[in-house]
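Q: Okay, here's the structure, questions in a sec.
The values are calculated or read from the model by the stated rules, or taken from the named source; none is laboratory data. Being a predicted model, the structure only gives us computed values, none of them experimental. When we count neighbours, we look across all protein chains shown, and the Cβ atoms used for this are built from the backbone with ideal geometry, even at glycine. SASA here: full protein model, heavy atoms, side chains in, ligands and nucleic acids out. Shrake-Rupley method; radii C 1.70, N 1.55, O 1.52, S 1.80 Å.
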Amino acid sequence: MERVSKENYYLDIAQTVAERATCLRRKFGAIIVKNDVIVATGYNGAPRGRKNCSDLKFCQREKMGIPRGERYELCRSIHAEQNAIIAAPREQMIGATLYMACVTPEKGELVAGCNSCMMCKRTIINAGIETVVVRDTKTEYRVIQVSDWIENDDSLSGEFGY
């Protein structure tokens, strides 16, 4: 029996964290790992004390017909990456890796090709995280060097994530 790779081990955990997400469009889970220690986890959901979209039974952006990747200021949720960063001490994020997985709310199926939105990219850069690993399938993933986000500043091009 072959042992699961370290990347897929952490991505499995991020995918499990996504099960706690309360978004009606996409469920994201993120974990921050440094020196083989899980520093923090996060999933997308409303701020503490506020009702989640899953509780309200509707998504405001969906109701308004807003496409994915646009008008995040109207979203009730804090993104998974942001929640993980909020929960982690800064010194433990410097040089760390953030693992992320996204699943559909309906069936829990993996969503390939996801990326952090521009707001999350800025937050990840500022946190000092070095690498982001995003799951595409049960065994396939992409490794993104955060330095690429600094050098290729997509906030100037109009490209969107998520």
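Q: Report the residue count in the range 12-42 for those that are assigned to a strand (DSSP E or B) and not hydrophobic (A, V, I, L, M, F, W, C).
A: Going through the range 12-42 one residue at a time, the tally reaches 5.
Q: For Arg142, state whether it is among the basic types (Lys, Arg), over 15 Å from the mean Cα position of the chain (by Cα) and more than 18 Å from Val17 (Cβ to Cβ).
A: In short, no.
For (1) acidic (Asp, Glu); (2) more than 25 Å from Met93 (Cα to Cα), each residue gets a yes or a no:
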residue	(1), (2)
Glu19	yes, no
Cys23	no, yes
Gly29	no, no
Ile32	no, no
Thr41	no, no
Ser54	no, yes
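Q: To continue, here is another question. Quickly run through the range 91-118 and pick out the residues that are in a strand (DSSP E or B) and over 13 Å from Ala18 (Cβ atoms).
A: Selection gives Thr97, Leu98.
Q: When the residues of the range 4-19 are filtered to those that are in contact with a Lys or Arg (Cβ under 8 Å, 6 or more places away or on another chain) and closer than 13 Å to Gly108 by Cβ, which remaining residue is least open to solvent (accessible area, probe 1.4 Å)?
A: This residue is Ala18.
Q: Can you pull out every residue in the range 43-90 that is charged (D, E, K, R), assigned to a helix (DSSP H, G or I) and modelled with pLDDT under 95?
A: The answer is Asp55, Arg61, Glu62, Lys63, Glu73, Arg90.
Q: Can you confirm whether Lys34 is in contact (Cβ under 8 Å) with a residue 12 or more places away in the chain, surrounded by 12 or more Cβ atoms within 10 Å (Cβ to Cβ) and more than 24 Å from Met118 (Cβ to Cβ)?
A: When the stated conditions are applied, Lys34 passes them.
Q: Are any of the residues in the range 43-52 among the small types (Gly, Ala, Ser) and either within 16 Å of the chain's Cα centre (by Cα) or within 19 Å of Cys120 (Cβ to Cβ) (or both)? Outline the logic, then answer.
A: Kept after step one, since they are among the small types (Gly, Ala, Ser), are these residues of the range 43-52: 45-46, 49.
Add one more test, that the residue is either within 16 Å of the chain's Cα centre (by Cα) or within 19 Å of Cys120 (Cβ to Cβ) (or both), and what stays is 45-46.
For the range 43-52, residues among the small types (Gly, Ala, Ser) and either within 16 Å of the chain's Cα centre (by Cα) or within 19 Å of Cys120 (Cβ to Cβ) (or both): present.
Q: Go over the candidates Arg61, Arg68, Arg50 one by one and state the one that is in contact with a helix residue (DSSP H, G or I) (Cβ under 8 Å, 6 or more places away or on another chain) and more than 18 Å from Tyr10 (Cβ to Cβ). Lay out the reasoning, then the answer.
A: On the way: Arg68 fails: in contact with a helix residue (DSSP H, G or I) (Cβ under 8 Å, 6 or more places away or on another chain); Arg50 fails: in contact with a helix residue (DSSP H, G or I) (Cβ under 8 Å, 6 or more places away or on another chain).
The unique qualifying residue is Arg61.
Q: I'd like the full set of residues that are open to solvent by less than 70 Å² (accessible area, probe 1.4 Å) and within 16 Å of Pro47 (Cβ to Cβ), limited to the range 61-78.
A: Tyr72, Leu74, Cys75, Ser77, Ile78
Q: Still on this structure: Please pick out the residue among Glu81, Glu91, Glu62 that is farther than 18 Å from Arg135 by Cα and touching a residue at least 24 places away in the same chain (Cβ under 8 Å).
A: Just a single option satisfies the conditions, and that option is Glu62.
Q: Give the residue that is surrounded by the most Cβ atoms within 10 Å (Cβ to Cβ), with candidates limited to residues of the range 104-121 that are aliphatic (A, V, I, L, M) and more than 12 Å from Glu81 (Cα to Cα).
A: Leu110
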